[in-house]
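Student: For reference, the structure I am asking about is given below.
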Amino acid sequence: MSTELLPQLARRPASPQDSPRPVAGAGPYTLAFRRLRRDRVSLAFGAVFLVITAMCLAAPLYAHHIAHTGPADNHVTDTVRIGGQTRDVVSPDGLPIGPTWHGRFFLGADQNGRDIAVRLLYGGRNSLEIGFVATAITMILATLTGGVAGYFRGPVDSVLARVLDLIWAFPVVLLGIALGTSLALGGINLGLFTLSGNSLLVPAVIIGFVYIPYVAKPVRGQVLALREREFVDAARLQGLGTLRILWSEVLPNLASTLIVFVPLMIANAILLEAGLSYLGAGVQPPNPSWGTMIADGIALLPSAIHLTLVPGAMLVLAVLGINVFGDGVRDALDPHSPIRLGH
Amino acid sequence: MRRKATTTTGVAAIACLAAVGIAACGSSAASTKEGGTATVLMGTAPDFLDPQEGYTTQAAEADWISYTPLLTYAHASGQGGTKLIPGLAQDLPQVSKDGKTYTVTLRKGLVYSDGKAVKASDFPATIERAIKLNWGGKSFFTNYIVGASAYDTGKSSSISGITTDDTTGQITIHLTQPYGAFDNVIAFPAAGLVPASTPKTNLSNNPPPGVGPYMITNVSPNRGWTMVKNPHFASLGIPNIPNGHLDTIKVNITSNTQSEAQQVLEDQADAFDPGDTLPASLLPQIQSKASGRFSRETIPSTFYFFLNTRTAPFNNPKARQAVNYALDRRAFVRLASGFLKPECYFLPDGITGHPTGNCPYGSKDGAPDLAKAQQLVKQAGLEGTPVTVWGQTRAPRKQYVEYYTSVLNKIGFKATPKIISDSVYFPTIGNAKTGAQTGFADWLQDFPNPSDFYLLMNAKSIQPVNNENFSNVNDPHVQSELAKLNAVPATKLDSVKGEWQSLDQYTAKQAYQAVYGSEELPKFLSTRIDFGSAVFHPLYLNDWSTWQLTG
Amino acid sequence: MARFIVRRSISTVVVLIAISIVTFLIFEAIPNGDPAARLAGRTSTPETVAAIRHTWGFDKPIYDQYLLTMKNVFTGKVISYTQQVNVLDQIKEGLPATLSLAIGAGIIWLFAGILLGVVAAARAGGFTDRALTAVAMIGVSTPVFLLGALMLYFLAYKLSWFPNGGYVPLTSNPGEWLYHMILPWLALSALFIGIYSRVLRSNVLDTMSEDFVRTARAKGLTERRILFRHVLRNSVIPIAALWGLDFAAVVGGGAILTESVFNLHGVGQYAAQSIGALDVPPVLVIVMFGSFFVVLLSAVTDVVMAFLDPRIKLL
């Protein structure tokens, strides 16, 4: 490839690492893993995300041993001793204490006198849990719908594709708020299982559901193409059943697409949960989540900026972490993939 | 009302001359001028500007100075504003001995803001209009005026219990039973006269003509409107109702209370609507920069948690007492950023019958007795009972409920909050099917009469939908007392003050509710409005007809 | 082309009907959402509630209610539950704010996204590229309402460089209109600039390796000429498709969060308030208009794409 005048515009500077080493039995996933290992930036951000997740999982430990209070314990009229001084957790005018940088109320308190650091960690647990569950729902249902629609085509595809279009045409946030508000009031009652309006699974199910077309459409497109490939024909000629073909021929080829989608969907789910909670249609009190904490903080903005900055920073860090890591995964799996983080 | 305003300024002027240098002197003794415009910012739009539909304070602020009823209230702050005075009527009504017939005569020569004459027959038409339009308080008419209920259900085409004579201007109202507070009922802005020909449809976007110092014009729904002076009012010479100093008052709906408060602080707008919550974050600034134009005004209101006596655990009196022992009212004051006065009795300060004795379950200003509360819950064997605590999304009510939930958990219950949207809140907890055990409730006086508050503990008010007696109080002693006390005419209220106090102390001991305070509202104006003479009415908040610009 | 229009029109109608049914059902399925009790007001009697239920038709079977509501929507007579005002009038009042926000932000994010993407591609691998990618990633990872709230705090409240939210109509004061729209435009664009710049960067880099570029270089064209005349044209095509869909999504309801934070009183904010108040008529109307807009714009986008790229066939 001639690259004289603008060498930077070359797709890839020739370098020894890029040519696959002739190692016996190194499959595409091993190669991908090695490429990922060399991508320090993505690994670093991935580590950030893991650290945040670990911290949030350790929430009960922090609450019990360091902060000595739970996420829902109100301390409106209590006082706290910091460095010899006794201070009100919440002033008589209703202003909560700022960060104390000590064990109790490390990052300050909110209007109800609750420890922000404790709520941050518990809230993180909730936001992350919703992110993971929603992503699982999206990926499983999208793979099923997209796969079935793409493979069977015909009337099945028509119906499924129209349903996907329908969900997609519904403005995402509106659908989320509408479902969130009505289900928060009444819960989900489908005979087989019931969820109370307060359950965390309600926003998880809603977010998971809303993003199905986002993944299902590309999956459907890919399956439509895959099904015409030779190896599928070969499998069919061999007399393998449809289910077997889907499982052993189609799915593995979808795998890299699906793997690339996972971090992206986790990021989207966390962001959508924050948005829904801001509008009151997401996580319900008293469960904390980063979104509800930011919403409460915005209401008290000018005088107690820590109420907004703390959960906001945590949320952005976590989402950034998984986004950058997700990019790295995409790069590693598919070197011909167009989107890269600069080296 | 001009006379009263001048007197206040006069007194203030003397006080200032006597004590030179007091900061408060600056505004009130300064000269004021006639005319001009003021801008009011409101965070919540009125439910309806149509006088026969409006039921919120935001609506009342506009309606009561545009639609004067037969009777109205004195344009004064504090207790003085609870005094009933004749409005469009010549005098206070003549009440028959049995308390069931009220007679008034319309003032002569009255005209509406469009110049047309006011007739006595406009009064029953106005009441019919309020009923037809399903005004939120229409039960006050249909429960007491003969024939009003029949009109409501369509069985009759007019209210038989009201007879009028257009030539003499006499109006006679027959009641189904004696009702002491009926004078207050005729003083509602919803009973503010409009022409009989006014269509019985929602006219909020183009309100009908009325009799009052101002009229509502230029309505942009959810965005605002303008009050302009009614050119025909001053010549009517109705005593004790101010003619109004300002030429126009522009009202803007903003929904961002932060910017609302900031604009008033920086003198870019003239008033912060008292119906909104002043952001706690701006309080320190307001108190330092604007101390001469900011005050907290108590209005007779009760903020409480209902304790449903029909379901567990609050059908057990020990559980209810435990709640009353455990609540720390100081916490609510903080959550309200100081805009709450701690109370424990159901009848608030400012209403005749408010008990002055000690609270039955610990001091309202001091620390709660958690140990006693926990003990009571244990004794009743109710530890671990699941309780759903209902609340509204609006701040600080959501915060009140979150605090209350944590208290319930501390004393041994398993409580979880259920916060729902404001607009569906009361219909939800007022629906018997919900079976709400406990939750937020409040009551602002409809009129300054204890019978208004005791509606909420009257067994007769219990209904399967839109119930207001959330605790489902059904107590024979309460019923027998109410039967006596509700019949006492509003003008003779002081004579039964002692009985009302005893009743209120009784219900407090029964712990039917967990009362924690009375709301305080902000009177917060710009430097352009004369603060001292601006009336803050206990019912209708900012009295725009008393505002004048500083010179 | 005619076939395309007919097919799309039919599917649009089907989608809209389906969406209206789904929206209706979402709200009808809630317990305690009884609008009659709400409309009757706090101290009303059961008789009043029943009367209201009858007047508004809530006692009719659900499909009757649906048909009645749809009829009202098409005759323009929809009345909201909370304030009993005409929904279409309210939407018309809020439309200028929403359109100002969407169009302004759309233009900004399109051009800024392309610009930043090209710069990053031209300096691929270098510091500028990495910096721009970092900015893009942060833009993609920050919720718009957080960004908006922080902007208001620092730039409006603390520094007073900008007004504290609110909307001034273009017709009443163009200067103020612009002044009030800058922060909302920036907040809303941040996310899309992040996405677009990265998509464009990768498209440019991809295109640079295609055959026709090699040919153009062999022919002796300057790199700049190649970049702007040939590469960009090709790289921008997928962006155009993306822009059409994103713009439609923003107008259709994606602007809700921005409108709420900046208090613009647009259609999105009205929708959010109505949903919170369980006020079905406005939500129904807004959702239908929003979806219609999305579907319409996606059809228009397909046509434009087919025009720009002859390889694409209209289906």
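The values are calculated or read from the model by the stated rules, or taken from the named source; none is laboratory data. Source: prediction; values computed, not measured. Counting neighbours? That spans all protein chains shown, and the Cβs are built from the backbone with ideal geometry, glycine included.
Student: Does B:Val377 satisfy being modelled with pLDDT of 90 or more and touching a helix residue (DSSP H, G or I) at 6+ places or on another chain (Cβ under 6 Å)?
Tutor: Answer is yes for this residue.
Student: Quick one: C:Ala241 ticks every box in (1) crowded, with 21+ Cβ neighbours inside 10 Å; (2) touching a residue at least 60 places away in the same chain (Cβ under 8 Å) bar one, so which box is it?
Tutor: The failed condition is (1).
Student: Looking only at the range B:364-405, count how many residues are assigned to a loop (DSSP other than H, G, I, E, B), away from chain A (no Cβ under 12 Å) and more than 29 Å from the chain's Cα centre (by Cα).
Tutor: So the answer is 7.
Student: Where in the range A:229-295 are there helices (runs of 4 or more DSSP H), lying wholly inside it, with at least 1 residues that are within 14 Å of chain C (Cβ to nearest Cβ)?
Tutor: So the answer is A:251-278.
Student: Regarding the range A:146-166, can at least one residue be identified that is without any contact (Cβ under 8 Å) to a residue 40 or more places away in the chain, within 24 Å of A:Ile266 (Cβ to Cβ) and out of contact with any strand residue (DSSP E or B) (no Cβ under 8 Å at 6 or more places or on another chain)?
Tutor: No.
Student: Does C:Leu115 qualify as being within 14 Å of chain A (Cβ to nearest Cβ), assigned to a helix (DSSP H, G or I) and in contact with a Ser or Thr (Cβ under 9 Å, 6 or more places away or on another chain)?
Tutor: Answer is no for this residue.
Student: Looking at B:Ser406, B:Ser337 in this structure, which one is in contact (Cβ under 8 Å) with a residue 40 or more places away in the chain, of a type in the set (Ser, Thr, Tyr) and under 30 Å from A:Ala281 (Cβ atoms)?
Tutor: B:Ser337 is the lone residue from the list that is in contact (Cβ under 8 Å) with a residue 40 or more places away in the chain, of a type in the set (Ser, Thr, Tyr) and under 30 Å from A:Ala281 (Cβ atoms).
Student: Inspect the range B:269-277 for any residue being part of a strand (DSSP E or B) and in contact with a Leu (Cβ under 7 Å, 6 or more places away or on another chain) and give the result as yes or no.
Tutor: yes
Student: If you don't mind, there's one more thing I want to ask. For the range B:540-549, does any single residue satisfy the condition of being within 27 Å of B:Val95 (Cβ to Cβ) and of a type outside the set (Phe, Trp, Tyr)?
Tutor: no
Student: Another one. Can you spot a residue in the range B:305-328 that is crowded, with 22+ Cβ neighbours inside 10 Å, more than 26 Å from B:Gly412 (Cβ to Cβ) and modelled with pLDDT of 95 or more?
Tutor: Within the range B:305-328 (the criterion being crowded, with 22+ Cβ neighbours inside 10 Å, more than 26 Å from B:Gly412 (Cβ to Cβ) and modelled with pLDDT of 95 or more), the answer is no, since none of the residues qualifies.
Student: I need a count of the residues in the range B:413-444 that are in contact with a strand residue (DSSP E or B) (Cβ under 7 Å, 6 or more places away or on another chain) and in contact (Cβ under 8 Å) with a residue 40 or more places away in the chain.
Tutor: Number satisfying all stated conditions: 11.
Student: Which residue is nearest to B:Ser197 (Cα to Cα), if the candidates are limited to the range B:221-234 and must be polar (S, T, N, Q) and either away from every other protein chain (no Cβ under 14 Å) or out of contact with any strand residue (DSSP E or B) (no Cβ under 9 Å at 6 or more places or on another chain) (or both)?
Tutor: This residue is B:Asn230.
Student: If you take the residues in the range B:482-502 that are more than 18 Å from B:Pro348 (Cα to Cα), touching a residue at least 24 places away in the same chain (Cβ under 8 Å) and surrounded by fewer than 20 Cβ atoms within 10 Å (Cβ to Cβ), which one is nearest to the other protein chains (Cβ to nearest Cβ)?
Tutor: Residue satisfying both the conditions and the ranking: B:Ala487.
Student: While we're looking at this one, here's another question. Could we say that A:Ala299 is at pLDDT below 90, within 14 Å of chain B (Cβ to nearest Cβ) and buried (at least 24 other Cβ atoms within 10 Å of the Cβ) here?
Tutor: Considered against the rule, which asks whether it is at pLDDT below 90, within 14 Å of chain B (Cβ to nearest Cβ) and buried (at least 24 other Cβ atoms within 10 Å of the Cβ), A:Ala299 comes out as no.
Student: Now, a different point. Which of the residues belonging to the range B:114-151 are under 23 Å from B:Asp165 (Cα atoms), part of a helix (DSSP H, G or I) and in contact with a helix residue (DSSP H, G or I) (Cβ under 7 Å, 6 or more places away or on another chain)?
Tutor: B:Thr126, B:Ile127, B:Glu128, B:Ala130, B:Ile131, B:Phe141, B:Thr142, B:Ala148, B:Ser149, B:Tyr151
Student: Just give me the residues in the range C:271-302 being in contact (Cβ under 8 Å) with a residue 60 or more places away in the chain, away from chain B (no Cβ under 14 Å) and of a type in the set (A, V, I, L, M), in sequence order.
Tutor: C:Leu284, C:Val285, C:Ile286, C:Val287, C:Met288, C:Val295, C:Leu296, C:Ala299
Student: For the structure I just gave you, tell me whether C:Tyr81 is under 24 Å from C:Ile256 (Cα atoms), hydroxyl-bearing (Ser, Thr, Tyr) and more than 24 Å from the chain's Cα centre (by Cα).
Tutor: Considered against the rule, which asks whether it is under 24 Å from C:Ile256 (Cα atoms), hydroxyl-bearing (Ser, Thr, Tyr) and more than 24 Å from the chain's Cα centre (by Cα), C:Tyr81 comes out as yes.
This table checks each residue for (1) buried (at least 18 other Cβ atoms within 10 Å of the Cβ); (2) within 18 Å of B:Gly36 (Cα to Cα); (3) in contact (Cβ under 8 Å) with a residue 40 or more places away in the chain.
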| site | (1), (2), (3) |
| --- | --- |
| B:Ala191 | yes, no, yes |
| B:Lys200 | no, no, yes |
| B:Asn230 | yes, yes, yes |
| B:Asn240 | no, no, yes |
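Student: Pick from the range C:183-203 the residues that are farther than 22 Å from C:Ser100 by Cα and among the hydroxyl-bearing types (Ser, Thr, Tyr): which of them is surrounded by the fewest Cβ atoms within 10 Å (Cβ to Cβ)?
Tutor: C:Ser202
Student: Specify which of the listed residues (A:Ile140, A:Ile116, A:Ile82) is away from chain B (no Cβ under 14 Å) and within 30 Å of A:Leu254 (Cβ to Cβ).
Tutor: Of A:Ile140, A:Ile116, A:Ile82, the one residue that is away from chain B (no Cβ under 14 Å) and within 30 Å of A:Leu254 (Cβ to Cβ) is A:Ile140.
Student: Right, next: Would you mind finding the one in B:Ser288, B:Ser281, B:Ser259, B:Ser197 that is more than 14 Å from every other protein chain (Cβ to nearest Cβ), over 16 Å from B:Asn542 (Cβ atoms) and not in a strand (DSSP E or B)?
Tutor: Within the list B:Ser288, B:Ser281, B:Ser259, B:Ser197, the selection yields B:Ser197.
Student: Then there is this: Out of the range B:520-531, which residues are surrounded by fewer than 22 Cβ atoms within 10 Å (Cβ to Cβ) and either under 27 Å from B:Ala459 (Cβ atoms) or of a type in the set (Asp, Glu) (or both)?
Tutor: Result: B:Glu520, single match.
Student: Could you list, in sequence order, the residues of the range B:200-237 that are touching a Ser or Thr at 6+ places or on another chain (Cβ under 6 Å), part of a loop (DSSP other than H, G, I, E, B) and within 26 Å of C:Ile79 (Cα to Cα)?
Tutor: B:Pro208, B:Pro209 - these are the residues of the range B:200-237 that are touching a Ser or Thr at 6+ places or on another chain (Cβ under 6 Å), part of a loop (DSSP other than H, G, I, E, B) and within 26 Å of C:Ile79 (Cα to Cα).
Student: Return a yes/no flag: does the range B:169-187 have any residue that is within 14 Å of another protein chain (Cβ to nearest Cβ), at pLDDT 90 or above and not in a loop (DSSP other than H, G, I, E, B).
Tutor: Yes, the range B:169-187 contains a residue that is within 14 Å of another protein chain (Cβ to nearest Cβ), at pLDDT 90 or above and not in a loop (DSSP other than H, G, I, E, B).
Student: Of the numbered conditions (1) more than 9 Å from chain B (Cβ to nearest Cβ); (2) over 20 Å from A:Leu174 (Cα atoms), C:Asp34 fails exactly one; give the number of that condition.
Tutor: (1)
Student: Which of the residues spanning the range A:164-174 are assigned to a helix (DSSP H, G or I) and within 17 Å of C:Glu259 (Cα to Cα)?
Tutor: A:Val172, A:Val173, A:Leu174
Student: Residues A:Thr53, A:Thr77: which one is in a helix (DSSP H, G or I), hydroxyl-bearing (Ser, Thr, Tyr) and in contact with a helix residue (DSSP H, G or I) (Cβ under 8 Å, 6 or more places away or on another chain)?
Tutor: Matching residue, one of A:Thr53, A:Thr77: A:Thr53.
Student: Next question, about the same structure. In a strand (DSSP E or B), at pLDDT 80 or above and crowded, with 20+ Cβ neighbours inside 10 Å, is that true of B:Tyr102?
Tutor: Yes, satisfied.
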